[in-house]
Amino acid sequence: MPQSDTRNGFVGAIFNRNFNVVAVINLLVMTAYYMIFVTGTMHVRETFGVSLSVAGFSSGIMVLGCLAGRFASGSLLSLFGCRVILFAGLMLYVAGMAAFFLPLSLSLLFAQRLLTGVAVGVTGTATGTIVAYVVPREYHGLGVSLFTMSTALALAAGPFLGIALVGGPGYEAVVWTALASGIVCLVVFFALRGLPAMLKKHRAMTDLYSYIDPRVVRFSLVALVACLGYGCVQAFLTSFAEERGLSDVASIFFLVYAAAALGTRPFSGHILDHYGENVVFYPALVIMSLSMVLLAMAENGMTFLLAGVLLGVGFGNFQSAGQAVSLTLVTRSRFAQATTTFFLFFDLGIGLGPYLFGFLVPVFGYDGMFFALVIVALFSAFLYWFEHGRFHGKRRR
């Protein structure tokens, strides 16, 4: 990053042209992704008459596609550079969205969603890696937190638009909107200028080290466990709200989640840069467990939306801080692999959550599932201490 940028303070150092471009791309792609994720389970259940678990897997398979996309991206980014891989991811995304309009059986729909997930994984890894390079290292905590605010906005806009479109024109309007978003992203992509050259260390394509970084694996295990609960919230919130008679506030849940995340991420990023990760992670994971308690007990809109606020403060800040911390564990030449490793485990947790805990719903109800996830969230705090927190009391700038 040029020295003149840092003299202007964090605003000039962080909000450069390339940061703004990839933030817009991330916002549009993730908005479309969440539109489909939140509405897709109900669409599959109604269209094909399958069980809740199978319908949930139709959303989870997109996350598994993200895993595959992120895994491949770690090596491909080092080999071809961020610009090429980001363009390829966007092209694949548009193709995946367009494939929906072909005659689809359930198995072909799974394939279409898998392809879409791969594209989102490739695109997300590329944008996250670009941010790591265009933001000065001393501002990584704040810079990544501000970048992930685009994801928080997407998490609000996606479900809100998805539920509104399904209730109006229908599910096809969701896919048309997602396809249009992908085309806009391809146009915005060409505004990227002068990306920093990646520091490349070429390794054999069969070498696992080409794709992930072992130094980030132990820390990323925390993300896997913490994301189990969030994956269940994403996949089952619409059905849960309908069962509790809270459908009228279901779309607002993600709005308050985003507002809480947006309102607190700049502060948590500043705290992370100056006081270390422990001050952010322990409160975030405990607050996330409290949000699961409130969801289990939610019988009215106020409790339901308060759970959304706590989830935004807790999980919302865990996500951004986790991505920033993963970058501190590696050298600059390994930023792509560090980003890949963290989000591999992150997406794996989101994808496995609905599948593992969806089986609890027929037996114990949604409240039983959420109470089980309280224990999972608290265990993730212990796992963080065991794998990372006890060794990293204060972050060095």
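The values are calculated or read from the model by the stated rules, or taken from the named source; none is laboratory data. These numbers come from a predicted model, not from an experiment. With ideal geometry, Cβ positions are generated from the backbone for all residues, glycine too; neighbour counts draw on all protein chains shown.
Please tell me if Q337 is assigned to a helix (DSSP H, G or I) and under 18 Å from T151 (Cα atoms). No: the conditions fail for Q337. Condition first: over 26 Å from I212 (Cβ atoms) and surrounded by fewer than 24 Cβ atoms within 10 Å (Cβ to Cβ). Can you find one or more residues in the stretch 83-96 that meet it? Yes, the conditions are met somewhere in the stretch 83-96. Restricting the stretch 16-49 to residues that are modelled with pLDDT under 80 and surrounded by fewer than 24 Cβ atoms within 10 Å (Cβ to Cβ), the residue that is farthest from C232 (Cα to Cα) is G49.
When V120, V134 are screened for being more than 19 Å from A180 (Cβ to Cβ), touching a residue at least 12 places away in the same chain (Cβ under 8 Å) and surrounded by 20 or more Cβ atoms within 10 Å (Cβ to Cβ), only V134 passes. S181 is checked against (1) touching a Gly at 6+ places or on another chain (Cβ under 9 Å); (2) under 29 Å from V135 (Cβ atoms) and fails just one. What number does that condition carry? So S181 meets the others, but not (1). Within the stretch 78-98, the set of residues being at pLDDT below 90 and in a helix (DSSP H, G or I) comprises S78, L79, F80, C82.
Kindly establish whether V63 is in contact with a helix residue (DSSP H, G or I) (Cβ under 7 Å, 6 or more places away or on another chain), in contact (Cβ under 8 Å) with a residue 60 or more places away in the chain and part of a helix (DSSP H, G or I). Yes: the conditions hold for V63. Candidates in the stretch 140-150 are the residues that are of a type in the set (S, T, Y) and either crowded, with 24+ Cβ neighbours inside 10 Å or farther than 19 Å from Q323 by Cβ (or both); of these, the one that is modelled with the highest pLDDT is T148. The set of residues from the stretch 345-354 being buried (at least 24 other Cβ atoms within 10 Å of the Cβ) and over 20 Å from H140 (Cα atoms) comprises F345, D347, G349, I350, G351, G353, P354.
Report yes if some residue within the stretch 373-389 is surrounded by fewer than 24 Cβ atoms within 10 Å (Cβ to Cβ), in a helix (DSSP H, G or I) and polar (S, T, N, Q); otherwise report no. Looking through the stretch 373-389, none of the residues is surrounded by fewer than 24 Cβ atoms within 10 Å (Cβ to Cβ), in a helix (DSSP H, G or I) and polar (S, T, N, Q). Here V11 clears all of (1) in contact with a Ser or Thr (Cβ under 8 Å, 6 or more places away or on another chain); (2) modelled with pLDDT under 80 except the condition numbered (1). In the stretch 292-316, the residues that are farther than 19 Å from R265 by Cβ form Cβ pairs under 6 Å with partners that are surrounded by fewer than 24 Cβ atoms within 10 Å (Cβ to Cβ) and not hydrophobic (A, V, I, L, M, F, W, C), at six or more places apart or across chains, as follows: L294/T303; A296/D367.
When H43 is tested against (1) more than 21 Å from F359 (Cβ to Cβ); (2) within 17 Å of the chain's Cα centre (by Cα), only condition (2) is not met. The residues of the stretch 238-251 that are surrounded by 20 or more Cβ atoms within 10 Å (Cβ to Cβ), modelled with pLDDT of 85 or more and assigned to a helix (DSSP H, G or I), listed by number, are F240, A241. Would a scan of the stretch 153-165 turn up a residue that is within 19 Å of M42 (Cβ to Cβ), more than 21 Å from the chain's Cα centre (by Cα) and either at pLDDT below 85 or not β-branched (V, I, T) (or both)? There is at least one residue in the stretch 153-165 that is within 19 Å of M42 (Cβ to Cβ), more than 21 Å from the chain's Cα centre (by Cα) and either at pLDDT below 85 or not β-branched (V, I, T) (or both).
Among the residues that make up the stretch 296-305, is at least one of them in contact with a Gly (Cβ under 6 Å, 6 or more places away or on another chain) and not aromatic (F, W, Y)? No - not one qualifying residue is present in the stretch 296-305. When the stretch 284-332 is filtered for residues that are at pLDDT below 90 and closer than 20 Å to E242 by Cα, nothing remains.
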